[in-house]
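I'd like to ask you about the structure that follows.
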């Protein structure tokens, strides 16, 4: 049947209006050619991304980057860390300056659909809270009517703070800073009555910046959901797959009892799921551009999720956070790996 007049012209215009799609595999190819993973992290937050005096980075987000590097490049040390504040992070990812953003970033609908990025599985389930000086005499966030509150610019924290005070018919006097160190200094110097951010950050700030942590109280209220997740650019399916499944591999390793110390012993198991995860049985992650030992390397060099959690933010760290929502699903938490098979 002959197409009606104007059909092909309309089809051509429609095709031209379709959104551009990044070349599949471009990020993976760039990372392998460079021999280094460029990973965006925070400018310095205890437990998540913090450099020491020699420039060595530690933290839960840092270990996520290292696990991906081990899976893709064979070495957890093949990472270059780029520190960004909250306002800089998305531009750096969009522009291609970094391959992966692992910077205590909350996954939200507007970010997921409006910035040209996508989120990997959540690596830390958090929520926004408040910290005050103990001598302020405040025991609840509901007692902060008229308080000056320090908050970081360019974060979901700003909107949550405004919404919370408005919904509780309280007066708010925000004190806004772009950089976390400035924010901390303002709070500890008495410029603000309260400091609000993710509860994990409050614990990190309290442990790392306060001369006497016992002089500061984190209030009990959690006013938001803050699922923190790594992010990558849209359009590169191959790269998204390896990032996602590396994180799931860390989750599954903990669930299966595989650790840095026993991973070699586990290669001899009769459990087919473990053998597939560790590459003894081929095919755990086909068609993604990595060999069958991708997960083995990540676990061997970085550890499972529980190990990463405990040494950075858990009982083996200065933060001493409880697992809570970040426990395995079988222990009442939200950490759940999709089946690797």
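Nothing in this text is a laboratory measurement; each read-out follows from the coordinates by a stated rule. What you are looking at is a predicted structure, and each value in this text was computed from that prediction instead of being measured. Because the Cβ atoms are built from the backbone with ideal geometry, glycine has one as well, and the counts that use them run over all protein chains shown.
For Rg and Dmax of the Cα atoms in Å, which listed value, (i) 22.4, 83; (ii) 28.2, 100; (iii) 28.1, 93, comes from the coordinates shown?
Calculated Rg and Dmax of the Cα atoms in Å: the matching label is (i).
How high is the relative contact order of the chain? Use alpha-carbon pairs under 8 Å, at least six apart in sequence, and give a whole percent.
Computed over the chain, the figure is 22 percent.
Can you give the angle from 0 to 90° between the axis of helix 237-255 and the longest principal axis of the chain, with both taken from C-alpha atoms, to the nearest 10?
Compared with the principal axis, the helix lies near 60 degrees.
Let me ask something else about it. Please report the relative contact order for the stretch 144-253, taking Cα pairs under 8 Å with a sequence separation of at least 6, and give it as a percent rounded to a whole number.
Relative contact order, the stretch 144-253: 25 percent.
Additional query: Determine the distance separating the Cα centre of the stretch 97-146 from the Cα centre of the stretch 158-208; give it in Å without decimals.
11
In the chain, what percentage of the DSSP-assigned beta bridges are antiparallel, given to the nearest 5?
55
So, one more: Rank these for me by crowding, 126, 292, 163, going from fewest to most other beta carbons within 10 Å. Don't jump to the answer; show the numbers that get you there.
Details: 126 24, 292 17, 163 12.
If I rank by nearby Cβ atoms, fewest first, I get 163, 292, 126.
Separate question: Could you give me the percent of Cα pairs per 10 Å distance bin for the stretch 237-304, shortest bin first, beginning at zero and ending with the bin that holds the maximum distance?
Calculated P(r), rounded to whole percents: 23, 59, 17, 1.
Please give, to one decimal in nm, the separation of the simple spin-label points placed at residue 92 and residue 139, each 7 Å out from Cα toward the Cβ.
Computed distance between label sites residue 92 and residue 139 equals 4.2 nm.
Rank the residues 273, 63 as a footprinting-exposure proxy: fewest other Cβ atoms within 10 Å of their Cβ go first.
Fewest-to-most Cβ neighbours within 10 Å comes out as 273, 63.
Order of 34, 297 from fewest to most other C-beta atoms within 10 Å?
34, 297
Let me ask something else about it. Starting from the Cα gyration tensor of the stretch 128-224, multiply each eigenvalue by 5, take the square root, and state the resulting semi-axes largest first in whole Å.
Three semi-axes, in Å: 18, 15, 12.
Here's something else I'd like to know. Mind telling me which of 241, 33, 260 comes out most flexible in a GNM of the chain, alpha-carbon contacts under 10 Å?
Of 241, 33, 260, the Gaussian network model singles out 33 as fluctuating most.
Roughly what would the spin-label model give for residue 170 and residue 341, points 7 Å off Cα along C-beta, in nm?
4.9
222 nm [θ] for the chain, helices only, -39500 (n - 2.57) per DSSP H run of 4+, per residue, to 500?
Using -39500 (n - 2.57) per qualifying helix, the result is -10500 deg cm²/dmol.
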